[in-house]
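Below: one structure, written as structure tokens.
The values are calculated or read from the model by the stated rules, or taken from the named source; none is laboratory data. Source: prediction; values computed, not measured. Don't worry about glycine lacking a Cβ; one is built from the backbone with ideal geometry, like all the others, and counts go over all protein chains shown.
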């Protein structure tokens, strides 16, 4: 509650157990064929030193030629961040809430396009060229000493499908993301965003709606970022 007073937004998330993926998709008022495909790349050292320090570097390619980037720091306490950073239009603080836990992140976002991301992953363009000057400064301030942005290795891609819908019974937009890994494993996550002042009410309403569909909300939670980083780091080191 103390964090929520100063955060820009709250995202409520739940990971659906693998055994319930098919039933969940069939039970939602969502057409899977309309889901938007994406490629998600993370950048870190082979032993994930950035992630251990609470820094995440990510780029995405989005269907239609689009793309975006983010450099994320977590955990953060919004009230302790510099005022000039909070004033940046591209910087946002958000609390991710899952059953049994929460974390507040500070995300410095940027725009790109799919081809530039592809060029970086192929080694035809330096990684730093994907990020704005402000993003690079944010990285330099928070990354462990001696880890240059251009020295990071790409981890991925993770193929993701994203769909959104607004059920009448809930009255708010819900997002569905399916992350697919090369070994056939997958993560299915449901989420919705809320303003800090309404987060607890929305959480109760979301739980009631999803429980009413028979969706299991008590399963083990598997954060997408951690799962992806650990999967591709293990693959790289092997």
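Quick one: would you say residue 50 is assigned to a loop (DSSP other than H, G, I, E, B), in contact (Cβ under 8 Å) with a residue 60 or more places away in the chain and either closer than 30 Å to residue 216 by Cβ or in contact with a strand residue (DSSP E or B) (Cβ under 7 Å, 6 or more places away or on another chain) (or both)? Here the answer is no, as residue 50 does not meet what is asked. For residue 206, are the conditions met, namely being within 25 Å of residue 102 (Cβ to Cβ), in contact (Cβ under 8 Å) with a residue 24 or more places away in the chain and not in a loop (DSSP other than H, G, I, E, B)? When the stated conditions are applied, residue 206 passes them.
Candidates are the residues of region 1-16 that are touching a strand residue (DSSP E or B) at 6+ places or on another chain (Cβ under 9 Å) and either in a strand (DSSP E or B) or free of Cβ contacts under 8 Å to residues at least 40 places away in the same chain (or both); the one that is surrounded by the fewest Cβ atoms within 10 Å (Cβ to Cβ) is 9. Has region 39-57 got any residue that is within 13 Å of the chain's Cα centre (by Cα), modelled with pLDDT of 95 or more and over 22 Å from residue 104 (Cβ atoms)? Yes, that holds for at least one residue. Scan region 139-161 and tell me whether some residue there is under 20 Å from residue 54 (Cβ atoms), free of Cβ contacts under 8 Å to residues at least 40 places away in the same chain and crowded, with 16+ Cβ neighbours inside 10 Å. No. Condition first: in contact with a strand residue (DSSP E or B) (Cβ under 8 Å, 6 or more places away or on another chain), assigned to a strand (DSSP E or B) and buried (at least 17 other Cβ atoms within 10 Å of the Cβ). Can you find one or more residues in region 17-35 that meet it? No, region 17-35 has no match at all.
Yes/no matrix, rows are residues, columns are (1) in contact with a helix residue (DSSP H, G or I) (Cβ under 9 Å, 6 or more places away or on another chain); (2) surrounded by fewer than 12 Cβ atoms within 10 Å (Cβ to Cβ); (3) over 30 Å from residue 43 (Cβ atoms):
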{"site": "180", "(1), (2), (3)": "no, no, no"}
{"site": "183", "(1), (2), (3)": "yes, yes, no"}
{"site": "188", "(1), (2), (3)": "yes, no, no"}
{"site": "198", "(1), (2), (3)": "no, no, yes"}
{"site": "201", "(1), (2), (3)": "no, yes, yes"}
{"site": "204", "(1), (2), (3)": "no, yes, yes"}
{"site": "220", "(1), (2), (3)": "no, yes, no"}
{"site": "229", "(1), (2), (3)": "yes, no, no"}
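Here region 90-118 is the region considered, the condition is being part of a loop (DSSP other than H, G, I, E, B) and modelled with pLDDT under 95, and the residue that is farthest from residue 64 (Cα to Cα) is 100.
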